[in-house]
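> Before we start, here is the structure in question, set down as structure tokens.
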């Protein structure tokens with residue numbers, strides 16, 4: 001089995017700047033507001049300053065990438081929707097009819113849809129980024145979901161698109177996904193990464209009923225047991241290969257690109273956070289570049305956010321994916337940046353300081 | 001003591017439409033997403049539909065009104081900032097340097113600054129709405145904060161501005177405030193409305209230290225004990241008169257106007273929620289029109305939100321006031337409305353439904 005060169009994707013990921021973190025805190029305390037009264041917005045501004053450094057003044061240019069792929073494990077009956085919905089939803093994205101289209105349009109976020117593994121031939125579609133590695137993963141209950149080469153390819157696709165987005169002037173990237181069956185993959189990854197039980201890490205996904213849910217928990221449990229033996233350990237690349245998905249690998253690649261190019265990377269829900277956790281496993285400094293857009297209703301998402309020690313920006317009970325929660329957090333992130341840059345200081349506004 | 005005619009402000013406040021609530025739920029379930037997967041966004045869309053009814057298609061036009069006033073109780077040393085900061089911050093609003101200026105600009109919300117009781121003569125300032133009732137309230141520890149006539153006037157100012165905003169085509173109003181000392185008033189109102197102890201209902205406001213905090217709790221406790229005897233009961237108008245503020249009365253008036261004109265009214269933090277609670281006390285149906293923009297760090301805010309049975313949109317640890325939390329919630333509210341109107345249906349997009 002050939003050694004994968006994840007070094008290519010991780011070699012130049014440095015921590016975000018402590019110096020800029022300190023500078024940003026000092027600046028925030030000069031602004032016309034009681035100390036700390038902007039709460040989480042101040043933390044977000046500080047994080048963005050630490051990420052962007054001297055490029056902090058660049059206009060926030062926002063993009064969301066939605067990676068679509070199918071999952072072999074759907075043959076185990078883990079989803080409320082048939083597998084062809086992945087293809088149908090990709091067409092819905094291209095027709096501008098999905099939730100992510102509405103939100104991206106409203107909040108001026110450029111939307112890119114990437115086929116990294118949908119089980120269909122779309123033919124030529126001008127607005128689809130076609131990078132299909134394979135028509136979906138294998139059934140992880142029977143064998144590893146992907147080969148080494150497939151994981152490398154999918155990682156490289158996300159990484160390259162992330163670098164291209166940086167070159168195009170984007171400063172904030174959101175990652176989203178579409179893939180019937182992918183909450184099952186995310187649950188299995190969550191068990192493997194955090195040690196949580198399959199029951200805790202598994203949610204109702206698109207909305208399965210109790211009997212199907214019990215089956216999904218069993219599938220997750222069996223897949224984790226099959227692939228996570230002490231001999232192969234818990235290396236993130238191997239977890240991704242055995243239990244992940246092509247869209248999860250591509251999102252992990254985009255996280256690594258964002259971190260290496262000092263972009264803000266906004267995670268969406270359970271599945272994109274699983275990709276974030278894999279990326280952080282490969283390059284721990286990547287965590288500094290991540291903002292958790294929201295906390296979804298999937299129980300495993302909370303486990304992963306705790307594992308990554310990330311506080312979500314929003315908690316609106318969403319569980320849709322597509323990047324919707326990440327894009328909805330963008331106005332909050334932009335607000336934090338705008339407040340940092342545009343508020344008057346106590347000195348400039350001639351306002352008295354605290355006396356008590 | 002003359003009888004106040006709150007009927008003027010409350011007579012035509014009807015409940016939001018149950019019929020539109022039902023229609024909106026049915027419509028949401030046809031959109032291309034798993035049932036209920038937009039979480040709180042669906043609840044917000046349903047509430048807006050119930051409020052706006054056949055006017056649901058109107059473009060969301062957003063305004064925030066910041067009401068400024070001073071508080072006599074500041075002579076008890078309840079705030080970390082001197083009273084003149086109210087005046088200074090009004091000038092900061094007019095100079096576009098405050099947090100609310102930045103957020104209103106970023107999110108296309110028209111900002112209106114109203115002097116309803118600042119303890120200074122501003123002279124002619126074209127962008128200030130000058131409706132000073134009195135240069136601040138009296139010290140509630142010694143006497144009622146306002147006279148009947150002053151409360152009526154302040155309520156009428158907020159009500160009239162709200163009606164004017166409706167006539168001008170606004171569909172979503174946010175209420176915010178500036179007034180050194182007004183968390184003390186809001187804490188006293190919270191105790192009186194909810195029965196909570198002064199300790200529970202009192203927070204650190206702009207950031208007072210422990211000794212000053214203990215003093216603030218004593219002031220709140222004593223003011224509530226002084227004015228809330230069994231004989232005068234708990235009528236909301238009387239509570240407002242004895243323990244409130246001119247900006248709180250004006251915000252309550254604007255809530256009543258918004259509700260009577262079927263506008264969405266977004267509450268900001270602790271003080272504006274106290275105004276919302278007083279308005280709901282006067283006209284219980286007004287609650288249907290309220291959205292809690294966020295939950296602030298002030299402990300009493302949570303008590304009031306529970307009292308009103310409102311779930312906040314955001315929880316970002318903010319405690320600034322000025323309408324900042326309400327305006328920050330606007331992109332989420334607008335997102336809910338846009339998703340409702342713009343998403344494709346399963347039928348129109350040719351997408352398979354759930355099978356399990």
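The values are calculated or read from the model by the stated rules, or taken from the named source; none is laboratory data. What you see is a predicted model, and the numbers here were worked out from it, not measured in a lab. Every residue, glycine among them, receives a Cβ derived from its backbone with ideal geometry; neighbour counts consider all protein chains shown.
> Within segment A:238-356, considering only helices (runs of 4 or more DSSP H) that don't extend past its boundaries, which have at least 3 residues that are more than 20 Å from residue A:172 (Cα to Cα) and within 14 Å of chain B (Cβ to nearest Cβ)? So that I can check it myself, show each step before the final result.
Numbers: elements: A:246-260, A:270-282, A:299-308, A:324-342, A:346-349.
Output list reads A:346-349.
> Separate question: State whether one or more residues within segment B:163-182 are buried (at least 24 other Cβ atoms within 10 Å of the Cβ), more than 30 Å from residue B:108 (Cα to Cα) and under 14 Å from the mean Cα position of the chain (by Cα).
No: segment B:163-182 contains no residue that is buried (at least 24 other Cβ atoms within 10 Å of the Cβ), more than 30 Å from residue B:108 (Cα to Cα) and under 14 Å from the mean Cα position of the chain (by Cα).
> Could you tell me which residue of segment A:49-63 is farthest from residue A:163 (Cα to Cα), considering only residues that are within 14 Å of chain B (Cβ to nearest Cβ) and surrounded by 15 or more Cβ atoms within 10 Å (Cβ to Cβ)?
Within segment A:49-63, the subset within 14 Å of chain B (Cβ to nearest Cβ) is A:59-60, A:62.
Checking which are surrounded by 15 or more Cβ atoms within 10 Å (Cβ to Cβ) leaves us with A:60, A:62.
On the way: A:60: 16, A:62: 14 Å.
Per the stated criteria, the residue is A:60.
> I would also like to ask the following. Going residue by residue through segment A:197-209, is there one that turns out to be crowded, with 24+ Cβ neighbours inside 10 Å, at negative phi, free of Cβ contacts under 8 Å to residues at least 60 places away in the same chain and more than 14 Å from chain B (Cβ to nearest Cβ)?
no
> If residue B:341 satisfies all but one of (1) modelled with pLDDT of 95 or more; (2) within 23 Å of residue A:328 (Cβ to Cβ); (3) in contact with a helix residue (DSSP H, G or I) (Cβ under 7 Å, 6 or more places away or on another chain), what's the number of the condition it fails?
So the condition that residue B:341 fails would be (3).
> Yes or no: residue B:143 surrounded by 18 or more Cβ atoms within 10 Å (Cβ to Cβ) and either within 22 Å of residue A:341 (Cα to Cα) or away from every other protein chain (no Cβ under 14 Å) (or both)?
Values: surrounded by 18 or more Cβ atoms within 10 Å (Cβ to Cβ): no; either within 22 Å of residue A:341 (Cα to Cα) or away from every other protein chain (no Cβ under 14 Å) (or both): yes.
Criteria not met by residue B:143.
> Moving on. Somewhere in segment B:118-126, is a residue in the same structural domain as residue B:255 (by TED's automatic domain parsing) and touching a strand residue (DSSP E or B) at 6+ places or on another chain (Cβ under 7 Å)? Steps first, answer last, please.
Step one: list which residues in segment B:118-126 are in the same structural domain as residue B:255 (by TED's automatic domain parsing), which gives B:118-126.
Filter again for touching a strand residue (DSSP E or B) at 6+ places or on another chain (Cβ under 7 Å), leaving B:118, B:122.
Yes, that holds for at least one residue.
> Filter segment A:216-226 down to the residues that are touching a helix residue (DSSP H, G or I) at 6+ places or on another chain (Cβ under 7 Å) and touching a residue at least 60 places away in the same chain (Cβ under 8 Å), then identify the one that is farthest from the other protein chains (Cβ to nearest Cβ).
Residues of segment A:216-226 touching a helix residue (DSSP H, G or I) at 6+ places or on another chain (Cβ under 7 Å): A:216-217, A:219-221, A:223-224.
Within this subset, residues satisfying the condition of being touching a residue at least 60 places away in the same chain (Cβ under 8 Å) are A:216, A:219, A:223.
Details: A:216: 10, A:219: 13, A:223: 19 Å.
In this case the residue turns out to be A:223.
> Could you figure out which of (1) at pLDDT 95 or above; (2) within 29 Å of residue A:335 (Cα to Cα); (3) in contact with a helix residue (DSSP H, G or I) (Cβ under 6 Å, 6 or more places away or on another chain) isn't true of residue A:29?
The failed condition is (3).
> Of everything in segment B:71-95, what is surrounded by fewer than 23 Cβ atoms within 10 Å (Cβ to Cβ), outside any helix (DSSP H, G or I) and more than 8 Å from every other protein chain (Cβ to nearest Cβ)? Give them in sequence order.
Of everything in segment B:71-95, just one residue is surrounded by fewer than 23 Cβ atoms within 10 Å (Cβ to Cβ), outside any helix (DSSP H, G or I) and more than 8 Å from every other protein chain (Cβ to nearest Cβ), namely B:83.
> Scan segment B:96-118 residue by residue and report those that are part of a loop (DSSP other than H, G, I, E, B) and in contact with a helix residue (DSSP H, G or I) (Cβ under 7 Å, 6 or more places away or on another chain). Lay out the reasoning, then the answer.
First, the residues of segment B:96-118 that are part of a loop (DSSP other than H, G, I, E, B): B:96-98, B:107-109, B:118.
Answer for segment B:96-118, where residues must be part of a loop (DSSP other than H, G, I, E, B) and in contact with a helix residue (DSSP H, G or I) (Cβ under 7 Å, 6 or more places away or on another chain): B:97, B:98, B:107, B:109, B:118.
> Determine whether segment A:250-265 contains at least one residue that is over 14 Å from the mean Cα position of the chain (by Cα) and on the phi > 0 side of the Ramachandran plot.
Step one: list which residues in segment A:250-265 are over 14 Å from the mean Cα position of the chain (by Cα), which gives A:260-262.
Among the residues that remain, those that are also on the phi > 0 side of the Ramachandran plot are: A:262.
Yes, segment A:250-265 contains at least one residue that is over 14 Å from the mean Cα position of the chain (by Cα) and on the phi > 0 side of the Ramachandran plot.
> Looking only at segment A:181-196, which residues are under 23 Å from residue A:82 (Cα atoms) and free of Cβ contacts under 8 Å to residues at least 60 places away in the same chain?
First, the residues of segment A:181-196 that are under 23 Å from residue A:82 (Cα atoms): A:181-189.
Listed by number, the list holds a single entry, A:188.
> Go through (1) surrounded by fewer than 24 Cβ atoms within 10 Å (Cβ to Cβ); (2) within 18 Å of the chain's Cα centre (by Cα) and name the single condition residue A:100 misses.
Residue A:100 satisfies every listed condition except (1).
> Would you pick out the residues in segment B:26-48 that are touching a residue at least 40 places away in the same chain (Cβ under 8 Å) and at the interface with chain A (Cβ under 7 Å from one of its Cβ atoms)?
B:32, B:33, B:34, B:35, B:38, B:40, B:41
> Return the only residue of A:314, A:243 being assigned by TED's automatic domain parsing to the domain that holds residue A:175 and under 14 Å from residue A:191 (Cβ atoms). Can you show your working first?
Working: A:314 fails: under 14 Å from residue A:191 (Cβ atoms).
Answer to the selection: A:243.
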